[in-house]
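Worksheet: one structure, shown below.
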Amino acid sequence: MSSNHVTLWDRCLDIIKDNLSESAYVMWFTPVRALSFDNNVLTLGVPSYFFYEYLEEHYIDLLQRVLYRVFGNGVQLKYQVGVVENPKTDVVVAGANKSVNAVPQVSAPATHVPDPFKQQVYEELDSQLNPVYNFENYYSGVSNKLARTAGESIAEKPGKTAFNPLFLYGESGVGKTHLVQAIGIRIKEKDPSARVLYLSSHLFQVQYTNAVRSNTVNDFINFYQSIDVLLIDDIQDLAGKTGTQNTFFHIFNHLHQNNKQLVLTSDRPPVSLEGMVPRLLTRFKWGLTAEVERPDYELRRNILLNKIHQDGLPISEEVVDYIARNVADNVRDLEGIIVSLMARSTIFNREITIDLAERVLSTSVHVEKKQVTIELIQEKVCGFYDMDPKLLQAKTRKREIVQARQISMYLSKKYTDYSLSRIGDILGRKDHATVLHACKTISEQLEIDKALRANVLEIEESLKK
C-alpha cells in the first residue's frame, strides 16, 4: 500500500474538496504533499509550522474522518515541515524537516466532548491544556504585567498565594486564555501528578445540565471537588444560570477551603457582571482581580516578531511596524494577519511587502482613519519631548528644538494634506524649502538612528489613540 500513498491521498483530497469552499481548499490543501505511508503512518509535507497549526486547529476533524474512510482504522498522521510546491522557494524554515506527531490514532470522530465527571475513577485526567499556550511565548508588556506576574506566582505555589481566586478580565482576544493555560501547563511541568483542568464555562454548563437530566449531580460535584487547579474561561456565560451558579458555588467553596487553586476569566470585572448570585460574586473578589488590556505597540511588535521567527517568514521591519501600528485591538487579529500573509506568500510565491500587508489589513481588520492635524502633531511631539509648543515657533538653533520642529514637519507632511508652504507657515513661519529639507533630514536619520526611529514610531502611535 505504501507505493500507492499518493493515489490514496488524492482520493482524500477529492473528498475534502467536496466539503470545503474552493478558496479554502486551494489555500490550505493544494500545497500539502503526501510523502510516504509506511507501517500505517501517513506523512504529509506542509510549507511551514503555521500550515501545520492551522490544519490542526481548523480541519483536524475533517482529516480524521477522511483518513479513516480512505486509509482505514488505526492510521497515524505525521507532518514534515518545510515542504513547498515550487522548487524555487523550497527553503528550509525554522524547525524544517521535523516530523510532528499530530494524530495519535485516527478512529471514528467523536460527536461530542466527553464529560469527565462520568468516570467514577479519577486516577488520570486530561487537563485539556494546549501546549502551544505557555509562558515562553506569552510576552509581557504594560498591558498584562500584573496578570502575568500573578500567574507566574500561582504556577510556583498553586493554592498557597493570596491570588486565590485569580480573576482575569479583558476584551476578547487580549490573551486571557493563553495566560490561563500557561499557568496550568507550568503547574503540570512542576508536578505531573497535579489534577489540573481547563474548560469553558459553557462546557461546565452543558455538563451540569446533562448531570441533572441523568440524575448524576453528586458525581458531577464529586469530580470537580477532586480537582487541584480549576481554570475556567468566560465565567460571564454562567449569567442567569442560577442552578449552575449554586452548584459552582459549592464546588468553589470546597476547593478554596482545601487550598486548591481557581483561575477565572471574564470579559468584564466582577463589579460589572450581571445575572450572578451575590454570594458567588463576593467570592470572585476574594483574591486578585487583574485586567488584561489591549496590547500596546511594543508588545504587539514583539508578538509579531516571535510569530514571524517561528514560521520562518521573510518580513521586513517596515512591514512589521505597519502591522503593529494598525492592528491594535487584540492578539488574535495579529495572528490572523500573519496567517493571511503567509498563505498568500506561499501559494502565490509573492514577497511580503507593505502593499500586500495593506491589502490583507483592508479585508481582515477595521483600520480607523483618525483625523490628524498639524496642531495634534505639535501637541504629541512636544508632549513626548516635554517641551512647550510655543518653542517650535521660536527662532533658535538649539538642537532639541530644531529636531522637534523637523519631526513635526516630517509627520505633518506624512499625515496631512497641507502643502509644504502651509506646514512651514504654521510651524515657525518657515518656507517650503525649509520644510522639504527637514523632511529629508528626518527620513535619512530614521534609516540609521534606531533611537530616533523608536521615538518617532512612539509619537506616531500616540497620534492614533
Inset, instruction - Would you rank 186, 279, 213 by solvent-accessible area, highest first, keeping every protein chain in place and using a 1.4 Å probe? - result: 213, 279, 186
Inset, instruction - Roll a 1.4 angstrom probe over the protein heavy atoms and tell me the percent of accessible area of the chain that is carbon or sulfur. - result: 47
Inset, instruction - With a probe of 1.4 Å, find how much accessible area the chain has per residue, and write the answer as a whole number in Å². - result: 51
Inset, instruction - Determine the alpha carbon to alpha carbon distance for each of 160/190; 78/260; 176/241; 260/285; 160/285 and list only those over 26 Å. - result: 78/260
Inset, instruction - List the residues whose amide H sits under 5 Å from the amide H of residue 266, counting only those 5 or more places along or on another chain, with H placed 1.01 Å from N in the peptide plane. - result: 168, 169, 170, 234, 235
Legend entry - Interatomic Cα distance distribution for the stretch 3-81, bins of 10 angstrom, percent: 18, 59, 22, 0
Inset, instruction - List the relative contact order of the chain as a percent without decimals, with contacts defined as Cα pairs under 8 Å and 6+ residues apart. - result: 12
Legend entry - Coarse-grained scattering of the chain at q = 0.12 Å⁻¹, given as base-10 log I(q)/I(0) from a Debye sum over alpha-carbon atoms: -1.15
Legend entry - Bins of 5 Å, starting at 0 and running to the largest distance - Cα pair percent for the stretch 297-364: 3, 18, 35, 29, 13, 2, 0
Inset, instruction - Rounded to the nearest 10 degrees, what's the angle between the helix 5-18 long axis and the longest principal axis of the chain, both from Cα atoms, 0 to 90? - result: 80
Legend entry - Using alpha-carbon coordinates, inclination of helix 331-348 to the longest axis of the chain, degrees: 90
Inset, instruction - Roll a 1.4 Å probe over the protein heavy atoms and report the accessible area of residue 5 in Å², nearest 10. - result: 30
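Heavy atoms only, probe 1.4 angstrom, no DNA, RNA or ligands counted: give me 9, 286 ranked by accessible area, highest first.
The ordering from most to least exposed comes out as 286, 9.
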Inset, instruction - Specify the angular offset, from 0 to 90 degrees and rounded to the nearest 10, of the alpha carbon long axis of helix 317-326 from the longest principal axis of the alpha carbons in the chain. - result: 80
Inset, instruction - Determine the calculated [θ] at 222 nm for the chain from helices alone, applying -39500 (n - 2.57) to every DSSP H run no shorter than 4 residues and normalising by the residue count; nearest 500 deg cm²/dmol. - result: -15500 deg cm²/dmol
Legend entry - Hz values of 3J(HN,Hα) by residue in the stretch 206-213 - Karplus curve (6.51, -1.76, 1.60), Gly and Pro given as x: 4, 4, 5, 4, 5, 5, 4, 5
Inset, instruction - Report, by chain and number, residues whose modeled amide H sits under 5 Å from the one on residue 159, excluding near sequence neighbours (fewer than 5 apart, same chain). - result: 261
Legend entry - Whole-Hz couplings from phi, Karplus 6.51/-1.76/1.60, listed for the stretch 406-421; x for Gly and Pro: 5, 5, 4, 5, 4, 6, 5, 5, 6, 10, 10, 9, 5, 6, 4, 5
Inset, instruction - Pop a pseudo-label 7 angstrom from the Cα along the beta-carbon direction at both residue 464 and residue 137 and give the gap in nm to one decimal. - result: 2.3
Legend entry - Karplus 3J(HN,Hα) series, Hz, for the stretch 262-269 with 6.51 cos²θ - 1.76 cosθ + 1.60 (x for Gly, Pro): 10, 10, 10, 10, 7, 8, 8, x
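Report the extension gain between residue 306 and residue 452 in nm, rounded to one decimal, defined as 0.36 nm multiplied by the number of residues separating them, less their alpha carbon distance.
Residue separation times 0.36 nm, minus the Cα-Cα distance, leaves 50.2 nm.
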Inset, instruction - Would you mind computing Rg(Cα) / (2.2 N^0.38 Å) for the stretch 1-49, counting N as its residues? - result: 1.19
Inset, instruction - Give the whole-number value, in cubic angstrom per residue, of the convex hull volume spanned by the C-alpha atoms of the stretch 146-260. - result: 102
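The values are calculated or read from the model by the stated rules, or taken from the named source; none is laboratory data. As the structure is a computational prediction, the values presented were derived from the model and not from experiment. No Cβ is skipped: glycine too gets one built from the backbone with ideal geometry, and neighbour counts run over all protein chains shown. Keep in mind that these areas ignore ligands, DNA and RNA; they rest on the heavy atoms of the full protein, side chains included. Shrake-Rupley method; radii C 1.70, N 1.55, O 1.52, S 1.80 Å.
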